[in-house]
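The values are calculated or read from the model by the stated rules, or taken from the named source; none is laboratory data. Here the structure is a predicted model, which is why all the values come from computation and not from measurement. In this analysis, Cβ positions are derived from the backbone assuming ideal geometry, glycine residues included, and neighbour counts consider all displayed protein chains. Note: areas computed on protein heavy atoms with side chains; ligands, DNA, RNA excluded. Shrake-Rupley method; radii C 1.70, N 1.55, O 1.52, S 1.80 Å.
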Amino acid sequence: MNKNINFDLLANELDELKRQTLTEVGTADAAYIRNVIVWQRALEWGGRVLLMLGVIHPLCWIVGVLSLASAKILDNMEIGHNVLHGQYDWMNDPHINSRQFDWDIACDGKSWQRIHNYEHHTYTNVIGKDRDFGYGLLRLSNDFSWRVKNLWQFLTYLNLSMLFQWGVSYHELAAERVFMGKKKQDRPSKIDPSELKRRFFSKGGKQLFKDYLLFPLLAGPLFLWVLCGNLIANLIRNLWTSTIIFCGHFTSDVHTFSQAECENETQGQWYYRQALGSSNILGGKLFHIFTGHLSFQIEHHLFPDLPSSRYQQVAPKVQAIFARHGIAYHTGPFLRQYSQVVKRILRYSLP
Amino acid sequence: MNLLTRLNQVTAKTLFHTDSIGSYFEPIMQRIKPAWRTHCFRAQVLGHQLLRADVVQLDLSADKAWPQAIAGQHVLLTVEINGRLMTRPFSISSAPDQSHSRYPKKRVIRLTIKTHVDGAFTAKLLANITAGSYVNLSAPQGEFAVSDRIQPSTPLWFVAAGSGITPFMAMLNQMALLPQQPQNPINLVYFAKLGEHLYVDELMALQQQLNQLKVQLLIRKNGDNLADALSDCTVQSQVLVCGPGQFKQDVDRQLDAINHPLKQRQAEYFQAPVMSQTHSGEQHIQLTQRGKQTQLTLATNNSLLNGLEQQGISANFGCRIGVCHQCQCIKKSGVVRNMRTGEISQQGEQLIQLCISQAVTPLELEL
Ligand code: FES
């Protein structure tokens, strides 16, 4: 870690920024998230109806797929991810809160909270602690020794992206070695493996039933049209979320940390690690909404429970604070960030 | 659980990944009816009136579905204030069948609300509701009511202080509406500061209507005291007390002195939040865990998570630094301090993170 940074000052400035921003949070933010939810519902049901109208004109089907995919992206990113982080808990809304919300993907919300909210956000990019770094499948830095399977890890990556919701869903089971491998001794598990299995199959099963059986059946003779439409919508959502998330953590200048480095970390050092472990993507308002504001990955990692409706506003201030402390602020247009990700995956597929 | 609820749940879980169909459609319903909530009844604000600079009377007309209250019960009123849904309990100060000349043909519930200048809820209430808008109500709650098994010979004593008069207004109005006057002698002992008695005209009118009612409007500063006011109270009397916690204790002491039996007392009292800890630096916590209740005392200089663990209670946790929200639990009532920001919470129900919260007042928690 860079020893020339005044970590205490850094912590104070960032804490103060968060505090300031939180005092402004209120009616507008509540209205914002409800608005996004209304759009999500409209796109979802509009999409499902259009899929069935594919019989009139194939264009209906195409618009239907895109509409359903957008709904699923909104549900996953701007609503699900952020609500599950507790960003909207202050509203006291019985349905829009991290304690009881669940989302429209195969992964049980509670499992994701344990792995993502806890492990990933606490131990961001700490090798051996943050399983999101490479998802246990990819070698993305020299911290891991090279193995033959890394040779074709670009294909593994493509598969992971396409099946991303299942990867996310299986993530905790893999970490706990529920089906395969030996359990790690130092990993304190808080939940019974059989309970994990039950939730995995129950949530996943419901998703499969809904998209690939119930709605296609409701369409009667259009069974296959609707089934394919749902499949493609899920695929688009998977590719999109995986791509955005990879751009947030695996661009070329993202750092990794060793466990020793992070022992007895101060708040300032924690902020510093979040800053170097993430990178942003430039884009317009709508783009940010569809990424669930993970295009502000840096801000999200500094303040994971700040409402997403505020990330655009705090970003310039964060950048200014970083500049004063001489901390790099990694951001760039989508294509540049993505090409860095691809390069990284390819680079580390070789020893 | 009946079949319909079960069906609703299964459908909602499978298709909408929510706990009920209503909660999935709630954000859309709110577009059409802004105050629509799945877990609440709705009530329209008919109007409000300042009874005093710091007391508002709110006249509401509840949904047809709202179960009628028994005189003396309270409701939880939910209003969205600056994006937050805030809920507070208030006694209903009108009788169920009372007619209100200002709103003919309406079923009216009157709430009498003491406002506090710096109160997060009451101070902002009027700015957030207008006549014609909607608020949310819970079903009527509470056991503070005159039992219909009371003998006609049993004297009734209603002892109120300050805004503690509200449930008695409901009870007295209810009695005035009965086809037959109650035979019980009714004594209303009502303490307030000089010039701060509420509903004086209404009480005088009630005294005209109810032969058995005797109203005492008392002011402590003027030398009135509980002992004199209750001097005619006998061991046979049924005593109902409503007011601040301290007032209730004073009344209890008086009644103990005459050996008045505990089972003939009913009380509803409000505790102003004590911002200070007990002398030993501890705070009382009432904890509900899977329906089981436990009472605890925790050191206030510790986080709630550490405190609970030291008492052998395992709460869910992850990062212990306020990042992951794994330690979240429901605070039913009480005030906590956020150890990271120093921020003091509100009093009502909300989600809190155990690992960065300290108790400021006694708390009710649900894990
Ligand atoms: S344990 Fe992570 S927020 Fe409390």
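Numerical summary
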{"quantity": "Identity of the residue in the range B:346-367, at the interface with another protein chain (Cβ under 10 Å from one of its Cβ atoms), surrounded by fewer than 23 Cβ atoms within 10 Å (Cβ to Cβ) and not β-branched (Val, Ile, Thr), that ends up farthest from the ligand (Cβ to nearest atom)", "calculated": "B:348"}
{"quantity": "The range A:282-304, subset open to solvent by 10 Å² or more (accessible area, probe 1.4 Å) and in contact with a strand residue (DSSP E or B) (Cβ under 9 Å, 6 or more places away or on another chain), residue nearest to residue A:268 (Cα to Cα)", "calculated": "A:282"}
{"quantity": "Any pair with Cβ under 9 angstrom, 6 or more apart, that starts in the range B:54-81 at a residue that is among the hydroxyl-bearing types (Ser, Thr, Tyr) and ends at one that is not in a strand (DSSP E or B)", "calculated": "B:61/B:103; B:61/B:106; B:61/B:107; B:78/A:92; B:78/B:35; B:78/B:37; B:78/B:40; B:78/B:138"}
{"quantity": "Residue in the range A:164-175 that is at pLDDT below 90, open to solvent by 10 Å² or more (accessible area, probe 1.4 Å) and closer than 29 Å to residue A:267 by Cβ present", "calculated": "yes"}
{"quantity": "Among the residues listed as A:105, A:79, the single one being touching a helix residue (DSSP H, G or I) at 6+ places or on another chain (Cβ under 7 Å), in a helix (DSSP H, G or I) and within 14 Å of chain B (Cβ to nearest Cβ)", "calculated": "A:79"}
{"quantity": "Residue A:113 outside any helix (DSSP H, G or I), within 16 Å of the ligand (Cβ to nearest atom) and out of contact with any Phe, Trp or Tyr (no Cβ under 8 Å at 6 or more places or on another chain)", "calculated": "no"}
{"quantity": "Strands (runs of 3 or more DSSP E) (entirely within the range B:1-86) containing at least 2 residues that are touching an Asp or Glu at 6+ places or on another chain (Cβ under 9 Å), hydrophobic (A, V, I, L, M, F, W, C) and open to solvent by 20 Å² or more (accessible area, probe 1.4 Å)", "calculated": "B:41-52"}
{"quantity": "Number of positions in the range B:41-89 that are away from chain A (no Cβ under 14 Å) and in contact with a helix residue (DSSP H, G or I) (Cβ under 6 Å, 6 or more places away or on another chain)", "calculated": "2"}
{"quantity": "Checklist (1) surrounded by fewer than 22 Cβ atoms within 10 Å (Cβ to Cβ); (2) in contact (Cβ under 8 Å) with a residue 12 or more places away in the chain; (3) in contact with a Lys or Arg (Cβ under 9 Å, 6 or more places away or on another chain); (4) not in a helix (DSSP H, G or I) applied to residue A:21, failing item", "calculated": "(4)"}
{"quantity": "Answer from A:84, A:10, A:50 - the residue that is within 29 Å of residue A:269 (Cα to Cα), buried (at least 20 other Cβ atoms within 10 Å of the Cβ), over 25 Å from the mean Cα position of the chain (by Cα) and hydrophobic (A, V, I, L, M, F, W, C)", "calculated": "A:10"}
{"quantity": "Every residue from the range B:37-53 that is farther than 11 Å from residue B:110 by Cα, touching a residue at least 12 places away in the same chain (Cβ under 8 Å) and touching a strand residue (DSSP E or B) at 6+ places or on another chain (Cβ under 7 Å)", "calculated": "B:37, B:40, B:41, B:42, B:43, B:44, B:51"}
{"quantity": "Restricting the range B:323-343 to residues that are open to solvent by less than 10 Å² (accessible area, probe 1.4 Å) and either of a type in the set (S, T, N, Q) or within 8 Å of another protein chain (Cβ to nearest Cβ) (or both), the residue that is nearest to the ligand (Cβ to nearest atom)", "calculated": "B:324"}
{"quantity": "Residue match in the range B:159-180 (condition: in a helix (DSSP H, G or I), open to solvent by 20 Å² or more (accessible area, probe 1.4 Å), of a type in the set (A, V, I, L, M, F, W, C) and at pLDDT 95 or above)", "calculated": "no"}
{"quantity": "Top-ranked residue in the range B:129-147 [being in a strand (DSSP E or B) and open to solvent by 40 Å² or more (accessible area, probe 1.4 Å); ranked as modelled with the lowest pLDDT]", "calculated": "B:134"}
{"quantity": "Residue match in the range A:330-345 (condition: part of a helix (DSSP H, G or I), within 14 Å of another protein chain (Cβ to nearest Cβ) and among the charged types (D, E, K, R))", "calculated": "no"}
{"quantity": "Near pairs, Cβ below 9 angstrom, 6+ apart or cross-chain, from the range B:328-344 (without any contact (Cβ under 8 Å) to a residue 12 or more places away in the chain) to any residue that is surrounded by fewer than 21 Cβ atoms within 10 Å (Cβ to Cβ) and among the acidic types (Asp, Glu)", "calculated": "B:341/A:15"}
